[in-house]
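Structure, as structure tokens:
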Amino acid sequence: MRCAQCGAELPVAGRGRPRRYCGRACQARAYRARKDGVLNRRSAPKPRPAVGVDRVGVVRAAIRLADAEGMSAVSMQRVAAQLGVAAMTLYRRVRSKDELVTAMVEAVFAEHSSSPRSADWRAQLEHQARQEWQLYQRHPWVLAVLASTRPPLAGAVLASVDRSMTALTGRGLDPRAALSTYLLVSGYVQGMALLVVAESQALRDTGVRAGTWWSSGRFAGLVDSGRYPWLTELATGELPGPEAVDGWFEFGLQRVLDGVAVFLDVHSGHPGESVDQRSWSASDSAR
């Protein structure tokens, strides 16, 4: 046998417990080493998250994951895997998935929603609608989060709504009527954004782009069948592509705002004389 401290050869013991050390000096050194090791373990700082994994990094990783695979792919475990850390590391930065989703929406909304407040209701709503539309195009997953009766109460979202509400109440609408008018415009934007989200999902599932799908043989067969003259007429020009959705959106946005303009004119000029205004008053009083 050899000394557990210095490795020197130990004499064979005749009786009793086998020796571990060659002498008291090695025994004392081993004792001090054990004592120092215990103290070092007790005073060692708690492990910290990996370098660079802060709250902003967690939120950005979640946004990249949602952009690539959709909101259904986002979980604390998946985001942690993207960052190469344990899931518990994320909980030191965000307390729950709900908090993470709110932070994601706050980040993308603040990044793409920097409009000056305008006293002109149409300019304000039009600008806000276009920004919301562009947001859904860049981050389609946001639609599923915001199109809800319980959306995340992110500060940037509330500030955006506040700008539109202020412009509408400036035209004499009470807050309830202003909110209904705002939701009319926002609902149109979200409805059109379903096309964007559907195209994003179809591209992930099939790898086939919209232009390729529209020029497929199946579509050509419908055009040539003669059963749908309007479809044949449309096909004589350039086939619809992703850029066509922007044109459809702009056309509809102007028609919606035209309708709001009529409502505001009636509301401020001749209350009670319009069928639309009487309908509004009746439904408002019923609530």
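The values are calculated or read from the model by the stated rules, or taken from the named source; none is laboratory data. Note that the structure is predicted; figures quoted are calculated from it, not measured. FYI the Cβ positions are ideal-geometry reconstructions off the backbone, even for glycines, and counts take in every protein chain you see. Accessible surface is based on the protein model in full, side chains and every heavy atom, while ligands, DNA and RNA are left aside. Shrake-Rupley method; radii C 1.70, N 1.55, O 1.52, S 1.80 Å.
Just give me the residues in the range 87-127 being open to solvent by 40 Å² or more (accessible area, probe 1.4 Å), at pLDDT 85 or above and among the hydroxyl-bearing types (S, T, Y), in sequence order.
Residues satisfying the conditions are Y91, S96, T102.
Just for the range 170-199: of the residues that are at pLDDT below 95 and of a type in the set (V, I, T), which one is nearest to the chain's Cα centre (by Cα)?
So the residue we want is V197.
Find the residue count for the range 180-210, including only residues that are under 23 Å from L257 (Cβ atoms) and either touching a Ser or Thr at 6+ places or on another chain (Cβ under 7 Å) or open to solvent by 80 Å² or more (accessible area, probe 1.4 Å) (or both).
Selection size over the range 180-210: 5.
Looking only at the range 156-175, which residues are in a helix (DSSP H, G or I) and in contact with a helix residue (DSSP H, G or I) (Cβ under 7 Å, 6 or more places away or on another chain)?
Start the filter on the range 156-175 by keeping residues that are in a helix (DSSP H, G or I), which leaves 156-169, 175.
A156, V157, S160, V161, R163, S164, M165, A167, L168, T169, P175 - these are the residues of the range 156-175 that are in a helix (DSSP H, G or I) and in contact with a helix residue (DSSP H, G or I) (Cβ under 7 Å, 6 or more places away or on another chain).
Table: residues versus (1) in contact with a strand residue (DSSP E or B) (Cβ under 6 Å, 6 or more places away or on another chain); (2) surrounded by fewer than 19 Cβ atoms within 10 Å (Cβ to Cβ); (3) within 30 Å of V59 (Cα to Cα).
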residue: H139; (1), (2), (3): no, no, yes
residue: V142; (1), (2), (3): no, no, yes
residue: R150; (1), (2), (3): no, yes, yes
residue: A154; (1), (2), (3): no, no, yes
residue: L158; (1), (2), (3): no, yes, yes
residue: D162; (1), (2), (3): no, yes, yes
residue: M165; (1), (2), (3): no, yes, yes
residue: L168; (1), (2), (3): no, no, no
residue: G172; (1), (2), (3): no, yes, no
